[in-house]
Amino acid sequence: MSNPDYHFVHSGFKLNGFHLNEDDLCRTAYIYIKEGEPHEKAVGEFLLDWFDHRDFIEMQTSGTTGLPKMIRVDKQAMVNSALATGEFFDLDEGIKVLHCLPTQFVAGKMMLVRAFILGWDMDMIAPVSHPLERLDTVYDFSAMVPLQAQNSLMQLKQVKKLILGGAKVSQALSNQLKGMPTKIYETYGMTETITHIAAKPIGDEAFTVLPNVEISQDERHCLVIDPYVICDEPVVTNDVVEIVSDTQFIWLGRYDNVINSGGVKLYPEQIEEKLSEHIDRRYFVKGMPDETLGEKLVLVIEGEPYALEDDVFKKLGKFEKPKEILFVPKFAETVSGKVIRDKSLQEV
């Protein structure tokens, strides 16, 4: 049997308790746009785009593989992505699902596509930082960003299976999530690959790719992804990885962040993860010019200066300990709240 096309709406699909078909969804979209809350307007706009005559959706990339730009994403590829997620995470029709992500971005769009393609019973709420705070329903599945999970530690038992994406899961949060009864996965992906193409249980080192995804490395040791039912061409990333097998890889860090200090390659993201349990402010590590080493490793912390205990650095390797600690009153940020490292350093 061939895969359903993008006009397919599973007979088991429900949104906020109501069975809806394609016509119902389009009518709901108009109501959301005219009378809805901001998050509902975004859902309405997406639904009208989804069910129009075009076979693609326009989305803005996050800048993972270069500068942010508008790209066209094939709707059938999004259907294929939804089917792959359902197969990988064993998500059957009729399951109870919570949608708490912003629909302006690919992860939020894909939660809706999965729901009507796979036939889920979906509750949709505003994409707030404490999504489970006023809910007592037990859900079979949900997707969150790490901040939402961090703010929901006491309520996460209400979700049987949870995927996290949009940002790296810190070591500190990973440690808090390990003992949970919930099955929790960290995902890897980007707009170009139509959300995640790999996932790993919290605490594991290696990501496992979803069905129909092939992986390799380029000459920089960066990950190359070929999800051939999703993209026309392989996606070349700026993520340095170690390939474990045909289906598994370990993420090491961003190629553009790698520090070459005295001939030793240092991956800031790995160092930052080791520091995450000991520094309770925002921070990052970065290479700065040095006459002897070429680049020296510097720790940059947001806020007023203070003295750091030696214990902060006890997990770091010989070459990973910062040569200098700098304090910046306020980090520069992107619109989505991600720290801009180079611009933040200009404030020093």
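The values are calculated or read from the model by the stated rules, or taken from the named source; none is laboratory data. Predicted model only: the values in this text are computed from it and were never measured. Heads up: the accessible areas ignore ligands, DNA and RNA and are worked out on the full protein's heavy atoms, side chains in. Shrake-Rupley method; radii C 1.70, N 1.55, O 1.52, S 1.80 Å.
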One finds the C-alpha centres of the stretch 119-171 and the stretch 291-345 to be spaced, in Å, by 31
Residue by residue through the stretch 320-325, which ³J(HN,Hα) values in whole Hz follow from phi under the Karplus form 6.51 cos²θ - 1.76 cosθ + 1.60 (θ = phi - 60°), with glycine and proline marked x?
8, 6, x, 7, 7, 10
In whole percent, and with a 1.4 Å probe on the protein chains, what portion of the accessible area of the chain is carbon and sulfur?
49
What share of the DSSP beta bridges in the stretch 226-330 is antiparallel, in percent to the nearest 5?
75
Length-normalised contact order of the chain in % [C-alpha pairs under 8 Å, at least 6 apart]
10
Antiparallel DSSP beta bridges within the chain, percent to nearest 5:
65
Over all Cα pairs of the stretch 244-348, the Kirkwood radius sets Rh, and Rg/Rh then becomes 0.98
Scoring the stretch 1-125 by relative contact order with C-alpha pairs under 8 Å, at least six apart, yields a percentage of 33
Which ³J(HN,Hα) values in Hz, rounded to whole numbers, follow from the phi angles of the stretch 121-130 under the Karplus curve 6.51 cos²θ - 1.76 cosθ + 1.60, where θ = phi - 60° and Gly and Pro get x?
9, 10, 9, 10, 10, 5, x, 8, 6, 10
For the stretch 80-201, the fraction of alpha-carbon pairs in successive 5 Å shells from zero, as %
2, 11, 24, 26, 22, 12, 2, 0
Any idea what the relative contact order of the stretch 158-294 is, in percent, if you count C-alpha pairs under 8 Å spaced at least 6 apart?
16
Please go through the residue pairs Lys318/Lys338; Lys178/Lys274; Lys161/Lys200; Lys14/Lys178; Lys274/Lys323; Lys14/Lys96 and name each one whose alpha carbons sit more than 20 Å apart in this structure.
Lys318/Lys338; Lys14/Lys178
What number comes out for accessible area per residue over the stretch 248-325 if the probe is 1.4 Å? Units Å², please.
56
What are the ³J(HN,Hα) couplings of the stretch 148-154, residue after residue, when phi is run through the Karplus curve with 6.51, -1.76, 1.60 and θ = phi - 60°? Round to Hz, x for glycine and proline.
5, 5, 4, 7, 10, 3, 6
Roughly how compact is the stretch 148-252, stated as its Cα Rg over 2.2 N^0.38 Å to two decimals?
1.13
Of all DSSP beta bridges in the stretch 286-348, antiparallel share, percent nearest 5:
55
